1. Post the alpha-carbon centroid distance, the range B:48-72 to the range A:102-139, in whole angstrom.
2. Quick one: work out the % antiparallel among DSSP beta bridges in the range B:3-76, nearest 5.
3. Simple spin-label model, 7 Å along Cα-to-Cβ: residue A:299 to residue A:643 in nm?
4. Of A:61, A:548, A:502, A:164, how do they rank once you tally other Cβ atoms within 10 Å and put the fewest first?
5. Place a label point 7 angstrom from the Cα of residue A:230 along the Cα-to-Cβ direction, then list the residues of the range A:67-99 whose backbone nitrogen is under 19 Å away.
6. With each pseudo-label sitting 7 Å past Cα toward Cβ, what's the residue A:659-residue B:63 distance in nm, one decimal?
7. In whole Å, what is the distance between the alpha-carbon centres of the range A:313-347 and the range A:452-494?
8. Using a 7 Å offset from Cα along Cα-Cβ at residue A:148, what residues in the range A:299-313 end up with backbone N under 12 Å from the label point?
């Protein structure tokens, strides 16, 4: 028996106000797992790429994975996918919170919404039936209000709501979808797709027991994961300070972008905006997604002052950086207010902050002036202007209408492409490839554009996740050698987590190794995956998504990372930041049996698969370590040789990546590679 | 005298943000912190990242790195973010 899934998805056509149930064969689940993998398969089978992002034909796919909603730790998540209005290519966005388990218990693995309604509507899905209801009274309400009103309206406080705010209604290109006030499907403008369809919200309430294939193995997996997370130092850090715990160390190693990626190091930033500073001032309590023992979310309150905000979700790392350091803004209160506004209006904090930072630099460099902005002067560290621009963007008022188009849209209109920091139209998240070179490949080769969640490179370069279990050794954080192989291994893990679906924080806190994932997946699904088979599933999904990207028009030229974030910084302490980062593998567990078991497994796996067979290469690699003379040298007058030496060797890394992945000169996966993974129909369409 | 700064969960476990140390090497700093705060900080110290003046001790002499009076030692426990 297949566990973890129901074998059916709900299809809703908003144009005809009809719905039907589609049965999915078990083989499809086995081959594409669930989550964004299954969503990509559905999208491909129904030729989703043929529809414009903002057209009735673009399907909005809300998809659970086999782990979603079970009692395992970190399985609160689902994926929301469609062709992105921001990038024009495949868009996917992962959401935590509490919606996934409710949807799972209705008896559907996912919902596909096509068509568009004339009037605002919301969808009510329960295990008793499906209704399309009028939402005219909700149109214009923010996401916090909408969620409360809908729970009252359906008369069940345990019902869960995903909804859009004014930004989605106004089709801001990076509008998001919200649940539980602080949980978002943030990226790629999925909220704009909902807004186009005039779908204000989806409400789910289910009571069915989720089928589990092997109850005793599932119970054992749950206990083992709970034990690992209980002793994990990384989980402890998340629990104590949230994801924003990264700010201080991130700044020390040059990973946190400052002033639209111009400045290298801003010592005061973490002191004002970091997770520790928040814990010592405005933090009220922790908050967690469904079934999560980590509870990394922060509930904060700013009691008084110009940026007062009621008790509610506070900034996570990406918001603290995008709406803080990226603007070089040092007000913690304003940062949290900006985050709250983005949540309420329903806008992605990364894209919103990046677009405002781009506009500020464009204003400073004279590409934009007060005639464009309606008299507003844009400068760094202007909290009031930041809040004003967020409001204007959500409602597309005045200059906000330009900001609503995102960095790529603005740079095409006003110029400034050299400091437009995006890949494929998706604004880069707040991790600097100059600190962690793996992030350059991550951004370039992530299917949806610049994304830090598509793989585990961030955590691998930080020394938290090893790929010894996949036969791949670690490479130095700021060296090209080995990065392509690391990225492929890392993508496999990222895809598994986005298809299973499980929170990347929970998995990373547990070491990010495949044995734990296999234990969880096999106990729930009963598929009996082996390591190799699961890797094949991950590859199948990656190639399918890459092909969808190609069919949407993406080529090799789109796999480019802006030079600004590959070359040394223009301002600040430009040298020696990389010397804060050393390839030290950090144990996630503090002590005892658990630690040594994990260490033993990791070391023996790495030795047998990576080190011994490549001993000669390893020795050669050791000779390439940074020479002693580099220590402490500064970039004086941007000496060209020094700049070249310190520039991310992107071309070398990506050529090796293409070779490993079998990508042709047009950026397409080769026919042979596709066919070897059982994707013949994809090869036929892609290669003609 | 070198200044020792502690971050994240290490700061939480010790209750100290920074202090002026009399240690002459990184190893002595780690021993000093452990002696001062007891076993509850040991797991963090065993796995922590140590920077001296912003540089990882892996590029210096590891725990044997000698400290000068104006040095700044930063101790980070294992952490991730995103």
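Throughout, read-outs are computed from the coordinates displayed, never taken from laboratory work. Owing to the predicted nature of the structure, the values given are computational and were not obtained by experimental measurement. In this analysis, Cβ positions are derived from the backbone assuming ideal geometry, glycine residues included, and neighbour counts consider all displayed protein chains.
1. Distance between centres, Cα-based: 58 Å.
2. In the range B:3-76, DSSP labels about 70 percent of beta bridges as antiparallel.
3. Inter-label distance under the simple model: 5.1 nm.
4. A:548, A:61, A:502, A:164
5. A:71-75
6. 4.1 nm
7. 29 Å
8. Hits in the range A:299-313 for residue A:148 at 12 Å: A:310-312.
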